Amino acid sequence: MSEKDALRRRIYAVEFAAWELHLFLDTHPNNNEAAAKLEEYRMRAEKLRKEFEEKYGPIGETTQNTSRWAWISDPWPWEKEAN
């Protein structure tokens with residue numbers, strides 16, 4: 001697995017954990033420990049997304065501080081193989 005794929009998997013894992021904590025808090029709104037953990041995971045996901053974007057470019061179409069059309073300026077997968 002490439003470094004890029006490994007980083008993307010870490011991002012997805014942290015985002016999944018944050019989503020699960022969010023759902024838990026829907027039924028346990030007074031659980032301060034879970035709320036603190038959710039904030040920790042959100043900050044960790046933000047840090048990982050920033051690291052990914054600095055190395056590899058936008059991770060999604062709604063990435064902040066990028067043009068909506070930034071993805072179109074990169075080579076398409078078949079163009080990378082041709083070079």
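Overview of values
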read-out	value
In the stretch 29-83, the residues that are outside any helix (DSSP H, G or I), at pLDDT below 95 and open to solvent by less than 100 Å² (accessible area, probe 1.4 Å)	Pro29, Gly57, Pro58, Ile59, Gly60, Thr63, Thr66, Ser67, Asp74, Pro75, Trp76
Residues (over 17 Å from Lys50 (Cα atoms) and either open to solvent by 60 Å² or more (accessible area, probe 1.4 Å) or under 12 Å from the mean Cα position of the chain (by Cα) (or both)) located in the stretch 1-15	Met1
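The values are calculated or read from the model by the stated rules, or taken from the named source; none is laboratory data. Just so it is clear, the structure is predicted and the values come from calculations on it, not from any experiment. We work out accessible area using only protein heavy atoms, side chains counted, and drop any ligands, DNA or RNA first. Shrake-Rupley method; radii C 1.70, N 1.55, O 1.52, S 1.80 Å.
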